[in-house]
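Presented below is the structure to which this report refers.
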Amino acid sequence: MAAYIIRRVFAAVLLLLVVSAVTFAIFFLVPRLGGQTTDSLAAQYVGKGADPAAIAAIKANLGLEDPLYLQYWHFIKAIVVGAEYNFGPNPSVCNAPCFGYSFKTHVEVWPEIVQRIPVTFSLAIGAAVIWVISGVAIGVLSALKRGSIFDRLTMGVALAGVSLPMFFTGLVSLALFSFHWTIWENLEFVPFSENPGQWAWNLILPWCTLAFLYSALYARLTRAGMLETMGEDYIRTARAKGLKERKVVVKHGLRAALTPLVTIFGMDFALLLGGAVITERVFSFQGMGAYAIQGVTKSDLPIVMGVTLVAAFFIVFCNLLVDLVYAAIDPRVRLS
Amino acid sequence: MSDVSKTDTDAGPAGGESSEGAARKFLSVRDLRIHFDTDDGLVKSVDGVSFDLEAGKTLGIVGESGSGKSVTSLGIMGLHSSERARISGEIWLDGEELIGAGPERVRQLRGQKMSMIFQDPLSALHPYYSIGAQIVEAYRVHNKVDKKTAKTRAVEMLDRVGIPEPARRYNDYPHQFSGGMRQRAMIAMSLVNNPELLIADEPTTALDVTVQAQILDLIRDLQKEFRSAVVIITHDLGVVAEIADDLLVMYAGRCIERGSSEKVFYQPQHPYTWGLLGSMPRIDREQTDRLVPVKGTPPSLINVPSGCAFHPRCPYADVPKDNLTRTERPDLREITDGHFSACHMSRAEREKIWTEEIAPKL
Amino acid sequence: MNSRKTASAIAVTLALALGATACGSGGGKDKGGNGGGSAKADAGLSSIVNASTKKGGTVTYEHSSGPDSLDPGNTYYGWVQNFSRLYGRSLVTFKPAAGKEGLTVVPDLATSLGKGSPDAKTWTYELRKGVKFQDGTEITSADVKYAIERSNFAPEALSNGPTYFKSYLEGGEKYKGPYKDKSPEGLKSIETPDKYTITFKLNKPFADMDYLAAFSQTAPVPQKADKGAEYVQNIVSSGPYKFDSYSESRGATLSRNPEWDPATDPIRKALPDKIELKFNVTASTIDEHLLSDAITADIGGTGLQSKTQPKVLVKAAEKAKTDNPYAGALQYLAMNVKVKPFDNIECRKAVQYAVDKAGVVDAIGGAVKGEPASTMIPPSVAGYKKFDLYPTPGNKGDAAKAKEALTACGQPKGFKTSLTARSDRPDEVLAATQIQQSLKAIGITADIKQFPADKYFTDFAGSPKWVHDNNAGLMMMAWGADWPTGYGFLDQIVNGSAIKPSGGTNLMELNDPKINKALTDGIGTLDTAARGEKWAEVDKLVLENASAVPLFYRKNLLYRPDSATNVTVAESYLGMYDYVLMSSSK
């Protein structure tokens, strides 16, 4: 098991390196092949004036004249051991993991990401709890009462949930509950540490809209999984033992039906950790997704690089976690 | 089979359709019908089956797939969904009628008084729980004991069914067991509560030949030890020939021949039974003529053929006069003491065919 | 199919219901408002609406993205210039007053406006005594000098702001800035003979000095607290408010600065107790918040979204709460005089006559978004004088005259050229499409080419080599003044010195000695009125050259929520509300 974990961690680190190289190439190499000069790149980071002295200063400061492989090396080195920059009277130290400074505001990227992680995590975790519980519960009930009115109704709603885009449900819920009935008049993120009650209260709407989409998906997946599992031979065995139906469903049926869901959940959750872009946008929450948008719209490359890498890290990490969890819950995986 | 049990067998089986004495027998099934509503129509999986079984005895139910033998056994266990299956008739177990009893009562009996071994132990055992845990679970459903006691019991049962190093293998998962071991574990699980009735549904089908024999031996030994009544369901007459006291041959949801295994085996009365005998693997037979299946395909259970359900496949369908096989369903009639068959042919006709055409080929 | 139809039907019903109730509730609140009911539409253009002297309350601002920086020394954004006056006192500033009065410059940290030498090259300001930073230390002329040095000469750290001081101060091109040049005297052309005197020595005559001194860059910064780019996180206030919190993503909260002494500050009333600023709020949400009176103002000051405007304009009670000021900006069509056939003035005149300006205004959303223009200088900028050298009936264009000019140009059948626009500016693209149609009518085929705004000047329209290589004769352009005078508006777009290899803003490549000289003469004229006359003259010269077609003066539709008090439009800051005055009844 230990060897397995070490091997997986090693592969994960390697994967992250590849992702960083590809991201770097996309943002620094490709535009250059498209005819972008270091001058025009630097000019984007100077104000309206585009003073040649300022451009030269920016180029020197950001090391834009260095060969690309060297720039990439500096980038990776800064993440691992940190870096030093001259953005003021004294050199400022950017501690590892250093993703550099925003080209536009000169604010360090990493602390900004750290500041936003609680927002995105709050969103993702809360929504995940809601959608897993409601999605699985609805899915199980629908499967057990297949063909009933409950089943048809919930699956109909689920179909709508899967088909309606997030920005539609998000805007409608915002229009209804925030602008019309003003239940949540000034929706903003309140850190958990500041006021847990307000934190939860302000997150209800984003949680529910986000969870609606996923609940629908998970209800359908759970239902399909349950229908398949409940037809398995081992369910009949469980019944033949004289187990109560409840125990048959939960301990034997659900356990097996939910296992494949772990993988899907791992991916969905990891993607959300990288930023619930649309939800954050709709509700004006300043999470990783909103930061990514900021980076992209202002062509602030260090932000884009930072968010991409952190998001990739979450995906790789969650994948690793899923593999380990899977090994824990499915003994057949563990030993092969 | 010991001589003692054989003597018992001879004295045993009672007459056909009357419910007289049903309550006296340990297991008595009376006119059991299990129908399923499907989109295509009503599927009559079991359509009026009756039999008895005494404690300590073994009954073999034989038939092709789709003949209703498994449905019958699941019916006894109460494992059909009440929403989908329509069940009628009577099932008496040790003086208690099960079809009329509430599902909760049947559940309590399940696994305790009656238990079941399934065909494919790999799929019948839960892949995510260890063998030990699954046996412990079966034990603790019906016995209020702590986990430790239950574990001791489970290890004891694993030992009893011949699993080497049972304490260590206790923690293994089904996929770590070989096929035969899995079936042993399955048997250990179904016997953990000393059931008085054990139903084994094709217990050896998924296993290779040498293991088959071991498992059958095991069931036989355990039966002696626990004095359970055993129902073995199989499509393979050879499996039950030695182990069963009585045999019941099913075709299209009905019993077409029933009697002591000796009688059914050596003096079979129904052309379908002849066919089954012909498809039986035998060591003394040439490779080439082995496993000649009964010609034709099993009938639809929605539109069961008129008359004798077997007539479309029966080579002797035209022997009885007046097209009788196609118009009238033959009743189950007693031929000799305790030996029943449902065929329009006269006894003389059957014996002639048996001795002249069938027996020499077997 | 069916369910989709149902869904969209539900959505439409919902939208209608919401719209109806939103209007209804707005009307209801109106009666209870703080005198808001009496104000008419555009009242904020000429008066202070909901005037109040009541202290207290919280002013809440929202912005759809965020600032370039709230550091007064590192910003180019108009709204930050306006807003930063709450925590940074520049030498002089624009008077917080209604209408044209708001365009006048008044002393702030200084005791009077700049005293210029007759050659307009030396400017001296005297600081008020006893003005303190939030830490209680007295503000001296050295702090102002340091603020200007860091903001103009350290592009490696603070690259956002304009660099006018750098170009006008003597020796500015050589000075390396306070982060690299650690000598105690710093930039020699800013002299601080004593704690309260500061003198600027310029390399050429510059009579608009007070406008430069009004930039937030002259707000004092204590050297010991400066951390370069990170200063934004710990700005030391010299105004009535100080930062309680600042986050690049979430915004900022300001509360009263106890060290601010109203006795030293004749222009700020500082009514609210607290000021909240939120960044990254979705634009449509900001509009909803404005209409439901949940916030005081959209600090960006660019007005309501196009899709919100109809909702407000159809209801008289709602329309009364709007102001529709000039945004101090001009949208125009630049013709590059080095690209054939626009090197011929007659061909340029043809375009001048051909363009249907009224049609362009209609295309971008009508009168609330802009007004057909005939001059380069917008009406809200000092030096504006109304004239129209190429009048057409109803501003709809005059094909006959245009064809006449085409014939004079030797291109009677028209020609082919390119028209560039910024792809992420929908209004600009709409305007370009309208122009394309007008030109088509007289035989000129203009091929529209779109580019992203952030590269428009660096890689495309602002790069003469690209323009020549790609035969880009026509270019869409918009311009707002860095300071509201004719010079501040025109210098960067018509002066030959504004032509740069990359990132230039003189898209016409206009290098007319007459224009250049008039600009130089004007900026050397100390008399304000005479200077204004000069700018009108330059404006005329540019249009006589016919290389720029003024399309429309940009206008914004601002909204005054009921709780907003002391609301007036600041023409000096691109027509947004004055944030020094603004207070709230909440």
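The values are calculated or read from the model by the stated rules, or taken from the named source; none is laboratory data. Everything quoted here is computed from the prediction, not taken from an experiment. With ideal geometry, Cβ positions are generated from the backbone for all residues, glycine too; neighbour counts draw on all protein chains shown. Quick note on the areas: whole protein, heavy atoms, side chains included, nothing else; ligands and nucleic acids left out. Shrake-Rupley method; radii C 1.70, N 1.55, O 1.52, S 1.80 Å.
Side notes on the structure shown:
- Residue count for region A:294-336 satisfying the condition of being open to solvent by 40 Å² or more (accessible area, probe 1.4 Å), hydrophobic (A, V, I, L, M, F, W, C) and away from chain B (no Cβ under 14 Å): 6.
- For region C:102-110, the criterion of being closer than 26 Å to C:Asp244 by Cβ and modelled with pLDDT of 95 or more is met by at least one residue.
- Residues of region C:273-291 satisfying the condition of being out of contact with any Ser or Thr (no Cβ under 7 Å at 6 or more places or on another chain) and within 10 Å of another protein chain (Cβ to nearest Cβ): C:Lys278, C:Ser284, C:Glu288, C:His289, C:Leu291
- Applying the criterion of being in a loop (DSSP other than H, G, I, E, B) and of a type in the set (Asp, Glu) to the residues of region C:97-154, the residue that is nearest to C:Asn82 (Cα to Cα) is C:Asp108.
- Some residue of region C:259-272 being aromatic (Phe, Trp, Tyr) and within 12 Å of another protein chain (Cβ to nearest Cβ): no
- Among (1) more than 14 Å from chain B (Cβ to nearest Cβ); (2) over 26 Å from the mean Cα position of the chain (by Cα), the one test that A:Asp233 misses: (1)
- For region C:178-208, a tally of residues being touching a residue at least 60 places away in the same chain (Cβ under 8 Å) and either among the β-branched types (Val, Ile, Thr) or in contact with a helix residue (DSSP H, G or I) (Cβ under 8 Å, 6 or more places away or on another chain) (or both) returns 13.
- Residues in region A:236-277 that are open to solvent by 30 Å² or more (accessible area, probe 1.4 Å) and away from chain B (no Cβ under 14 Å): A:Thr263, A:Ile264, A:Phe265, A:Met267, A:Phe269, A:Leu271, A:Val277.
- Restricting region C:62-85 to residues that are crowded, with 24+ Cβ neighbours inside 10 Å and more than 13 Å from chain A (Cβ to nearest Cβ), the residue that is nearest to A:Glu188 (Cα to Cα) is C:Phe83.
- Applying the criterion of being assigned to a loop (DSSP other than H, G, I, E, B) and within 13 Å of A:His252 (Cβ to Cβ) to the residues of region B:121-145, the residue that is nearest to the other protein chains (Cβ to nearest Cβ) is B:His126.
- Helices (runs of 4 or more DSSP H) completely within region C:463-565 that count 1 or more residues being over 23 Å from A:Tyr45 (Cα atoms) and within 20 Å of the chain's Cα centre (by Cα): C:486-494, C:528-545
- Residue match in region C:448-456 (condition: touching a Gly at 6+ places or on another chain (Cβ under 8 Å) and buried (at least 19 other Cβ atoms within 10 Å of the Cβ)): yes
- Qualifying positions in region B:103-154 - within 25 Å of the chain's Cα centre (by Cα) and among the hydroxyl-bearing types (Ser, Thr, Tyr): B:Ser115, B:Ser123, B:Tyr139
- A:Arg220 being within 14 Å of chain B (Cβ to nearest Cβ) and either part of a helix (DSSP H, G or I) or of a type in the set (Val, Ile, Thr) (or both): no
- The set of residues from region A:110-135 being away from chain C (no Cβ under 14 Å) and open to solvent by 20 Å² or more (accessible area, probe 1.4 Å) comprises A:Phe121, A:Ile125, A:Val129, A:Ile130, A:Val132, A:Ile133, A:Ser134.
- Sole exception among (1) surrounded by 15 or more Cβ atoms within 10 Å (Cβ to Cβ); (2) at pLDDT 80 or above; (3) out of contact with any Cys (no Cβ under 9 Å at 6 or more places or on another chain); (4) under 18 Å from A:Leu309 (Cβ atoms) for A:Val107, by number: (2)
- Residue check: A:Met226 meets all listed conditions (1) open to solvent by 60 Å² or more (accessible area, probe 1.4 Å); (2) more than 14 Å from chain B (Cβ to nearest Cβ) but one, namely (1).
- Any chance C:Leu541 is modelled with pLDDT of 95 or more, buried (at least 24 other Cβ atoms within 10 Å of the Cβ) and in contact with a helix residue (DSSP H, G or I) (Cβ under 7 Å, 6 or more places away or on another chain): no
- Considering residues of region A:279-293 that are open to solvent by 20 Å² or more (accessible area, probe 1.4 Å) and modelled with pLDDT of 85 or more only, the residue farthest from the chain's Cα centre (by Cα): A:Ile293
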